[in-house]
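Participant: Pasting a structure below so you can have a look.
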Amino acid sequence: MPTLAKVHSLVQSLAREYVPPKLQPRFMSGIQAFSLQELRSVNANGRSLADKRKTGEARVYRLLRDSRFPHIVLRIIMKQFVPAGTSFIHLALDHTQIGSFKVAVITLSYGRGRSLPIWCQVCSDETMVELMEALGL
């Protein structure tokens with residue numbers, strides 16, 4: 001079983017390989033805020049990044065609004081977790097509704113392995129229109 005130190009060193013090596021040097025501190029802040037601790041809220045997780053409340057919150061909001069990161073993360077997934085030369089890749093769209101909460105997820109798999117989630121959208125609309133518009137983007 002991997003320890004936290006092993007996971008941290010793997011993430012750092014992936015960041016060095018795939019994330020441009022100027023974006024690496026922001027990328028690592030996102031890993032710290034959203035991957036290494038339970039998600040309480042965006043603001044609460046942002047506050048864990050800095051001593052001053054507003055500094056941490058601003059840092060996490062800059063990260064979430066940066067449109068470059070989804071492409072970087074998708075590239076890491078494709079290069080690291082899908083074997084080279086794989087010619088048969090499955091994409092699956094799954095959605096569920098619990099009360100008024102609706103979520104859709106696109107997963108990627110190859111062969112008979114587990115699926116990797118590569119896209120997620122949550123909506124509260126009565127129809128799936130929001131989800132399909134986001135999927136189009």
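Participant: Give me, ordered by chain and number, the residues 5 or more places off LYS102 or on other chains with an amide H under 5 Å from its own placed amide H.
Facilitator: Answer set, sorted by chain and number: CYS123.
Participant: Once you have the Cα-Cα distance between VAL122 and LYS6, take 0.36 nm times their residue separation minus that, and quote the gain in nm to one decimal.
Facilitator: On the way: separation 116, 0.36 × 116 = 41.76 nm, distance 3.17 nm.
Length difference between fully extended and current span is 38.6 nm.
Participant: Compute the relative contact order of the range 1-59 as a whole-number percentage, counting only Cα pairs closer than 8 Å that sit 6 or more residues apart in sequence.
Facilitator: Computed value for the range 1-59: 20 percent relative contact order.
Participant: In whole Å, what is the distance between the alpha-carbon centres of the range 21-43 and the range 64-121?
Facilitator: 19
Participant: Each residue of the range 93-107 in turn: what ³J(HN,Hα) in whole Hz from Karplus with 6.51, -1.76, 1.60 and θ = phi - 60°, glycine and Pro shown as x?
Facilitator: The phi angles translate into 9, 10, 9, 9, 9, 10, x, 8, 7, 10, 9, 10, 9, 9, 10 Hz.
Participant: Residues with beta-carbon under 15 Å from that of ILE118, excluding ILE118: net charge, scoring Lys, Arg +1 and Asp, Glu -1?
Facilitator: Values: positive: ARG75, LYS79, ARG114; negative: ASP94.
My count for the surroundings of ILE118 gives +2.
Participant: Can you tally the net charge around ARG59? Count Lys and Arg as +1, Asp and Glu as -1, for every other residue whose Cβ sits under 14 Å from the Cβ of ARG59.
Facilitator: Net charge around ARG59: +4.
Participant: Moving on to the next point. Around TRP119, which amide H atoms from residues at least 5 apart in sequence, or from another chain, sit under 5 Å from its own amide H, with H modelled in the peptide plane?
Facilitator: Under 5 Å from the amide H of TRP119: ILE106.
Participant: Additional query: Based on Cβ point charges of +1 for Lys and Arg and -1 for Asp and Glu, what charge dipole magnitude is obtained for the range 1-120 about its Cα centre, in debye rounded to the nearest 20?
Facilitator: In debye, rounded to 20, the range 1-120 gives about 360.
Participant: Give, as a single signed number, the net charge of other residues whose beta carbon lies under 12 Å from the beta carbon of VAL73, with Lys and Arg counted +1 and Asp and Glu -1.
Facilitator: Details: positive: ARG68, ARG75, LYS79; negative: ASP66.
Here the charged neighbours net out to +2.
Participant: A further question on this structure: Taking H placed 1.01 Å from N in the peptide plane, check which residues at least 5 places from LEU49 or on another chain put their amide H under 5 Å from its amide H.
Facilitator: Distant-sequence amide H within range of LEU49: zero hits.
Participant: Projecting each Cα onto the charge dipole of the range 1-65 (Lys/Arg +1, Asp/Glu -1 at the beta carbon, about the Cα centre), which of SER35, VAL60, GLN12 comes out farthest on the positive side?
Facilitator: It is VAL60.
Participant: Suppose the chain between ALA50 and LEU74 were pulled fully straight at 0.36 nm per residue; how much longer would it get relative to their current alpha carbon spacing?
Facilitator: The ALA50-LEU74 span can extend by a further 5.9 nm.
No lab work stands behind these numbers, since they all come straight from the coordinates. Because the structure is a prediction, the values reported are computed rather than measured. Don't worry about glycine lacking a Cβ; one is built from the backbone with ideal geometry, like all the others, and counts go over all protein chains shown.
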